[in-house]
Amino acid sequence: MKLSEHLFVCEPGILRLTLPLPSGPKHVHCYFLRGEDGWTLVDTGLGLMETPWPEILGELDAPVVRIFITHMHPDHVGGAEAAAAATGAPVLQGRLDYAQCERVWGSTDWPEHVAAWFTRQGTTPAIADELIESGHVFADFVRFAWNPTLVEPGDEVDGWRVLWVPGHADGHLALERDGVLVAGDSLLAPITPAIGLYPESRPDPLGDYLGSLQRTIDLAPAIAYSGHGDTVTDPVGRATELIAHHAERLLVTAAAIGTEPRTAYDVSFPLFGDDLRPAARRFAVAETLSHLERLVRDGAAERHELQPNGDVASVSYTAAQ
Ligand SMILES: [Zn+2]
């Protein structure tokens, strides 16, 4: 039910604010959770999109008393500084998630670092280098809040339990209370959350994600409010579908490697097709890598790192012998 120009009532005490994005799913959902002392805002949209916070806050019946960040991707954390300034509320972010947020968005050398890493995964220099330019442009859109209040899995935030649901991001957190899951991007429908491997991150994001999905099934929430797309009315069913999806993608990945070493870039072509723009190709390579590394841990693939002069020059994969 639409409450006002910007707000949609999910259920009593939970409001949804949908903000536009220039790319990808074209929108992100933020949530307001009502507590005794006011509202908790979950996620904040992008930094440079003009979010009319005063107007939005004027539609609420009480102040925003805290801001909770599910994960450090631009569409969730990028508006944190502006939201904090507009509300005067403290920002809460996971300890691991904030460390990665500061490394990626708070440093000046990250695009170069990631471009070199993509090159080692076989990505052509042109596609890797395009990242340097777009990465620096994009960093301007990400205005996260420095020195937030750090939270840990198991903490309580205004009666909501903080859950660690890694996979889409290493430090991804969700909130759960009375069978309601505020899931961020850990559970989406109808789109499938991207599960990519990136440098300086946990080594097996798909393994992490499959564990998160299983824990969601065990928790059996009645409903999940997600960062994009539809409200998930059958979280257990959706988590089960996503596990099956990745099982199938693992089979396709395993079929794309053999006795000849192939890089993740090579393998991304049979998995994601030939016709991708540079940014989409990099997502494809990262997603291919998360599946290859899962196969390595399953004993179905082997990783080969060529190391002239002690530096890793390239990483490739074969089927396990
Ligand atoms: Zn997102």
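Any read-out appearing in this document is the output of simple, stated calculations on the displayed coordinates, not a laboratory observation. Because the structure is a prediction, the values reported are computed rather than measured. Cβ atoms come from the backbone with ideal geometry, glycine included; neighbour counts cover every protein chain shown.
Computed about its Cα centre, the charge dipole of the chain is approximately 340 debye, with only Lys, Arg, Asp and Glu carrying charge at their Cβ.
Segment 180-228 and segment 114-156 have Cα centres spaced 19 Å apart. Rank D204, D155, D43 by mean-square fluctuation in a GNM of the chain with C-alpha springs under 10 angstrom and give only the top-ranked residue. Comparing D204, D155, D43 in a Gaussian network model of the chain, the most mobile one is D155.
Per DSSP H run of n ≥ 4, the term is -39500 (n - 2.57); total these for the chain, divide by its residue number, and report the mean residue ellipticity at 222 nm rounded to 500 deg cm²/dmol. Before the final figure, lay out each step's value.
Details: 10 runs with 120 residues, N = 321.
For the chain, the value works out to -11500 deg cm²/dmol.
Computed from phi, the 3J(HN,Hα) profile of segment 211-225 under the Karplus parametrisation 6.51, -1.76, 1.60 (θ = phi - 60°) reads x, 4, 5, 5, 5, 5, 4, 5, 6, 6, x, 7, 7, 10, 9 Hz, with x in place of Gly and Pro. With a/c under 1.5 counting as rounded, go ahead and sort segment 144-303 into rounded, prolate or oblate using the C-alpha gyration tensor (a ≥ b ≥ c being the square roots of the eigenvalues; past the cut-off, prolate if a/b is larger than b/c, else oblate). Here segment 144-303 falls in the prolate category.
Can you bin segment 262-321 into rounded, prolate or oblate? Criterion: square roots of the alpha carbon gyration tensor eigenvalues sorted a ≥ b ≥ c, rounded for a/c under 1.5, prolate for a/b above b/c, oblate for the rest. Don't skip to the answer; put the middle values down first.
Details: a/c = 2.35, a/b = 1.32, b/c = 1.78.
Oblate, because a/c is 1.5 or more while a/b does not exceed b/c.
Using DSSP loop states and a limit of at most 12 other Cβ atoms within 10 Å to flag GluC sites (Glu not before Pro), what is the longest stretch of the chain containing no flagged site?
Values: sites that count: E5, E36, E50.
It runs 51-321.
Computed 3J(HN,Hα) for segment 132-142, one whole-Hz value per residue from the Karplus formula 6.51 cos²θ - 1.76 cosθ + 1.60 where θ = phi - 60°, is 5, 5, 5, x, 6, 5, 5, 4, 5, 7, 9, glycine and proline marked x. Largest GNM mean-square fluctuation among P54, P235, P203, using the chain with Cα springs under 10 Å: P54. The Cα-based radius of gyration of the chain, divided by its Kirkwood radius, gives an Rg/Rh of 0.98.
Considering only V151, V236, V137, the Gaussian network model of the chain with Cα springs below 10 Å gives its largest mean-square fluctuation to V137. Computed over the alpha carbons of segment 182-233, Rg followed by Dmax gives 11.9, 35 Å.
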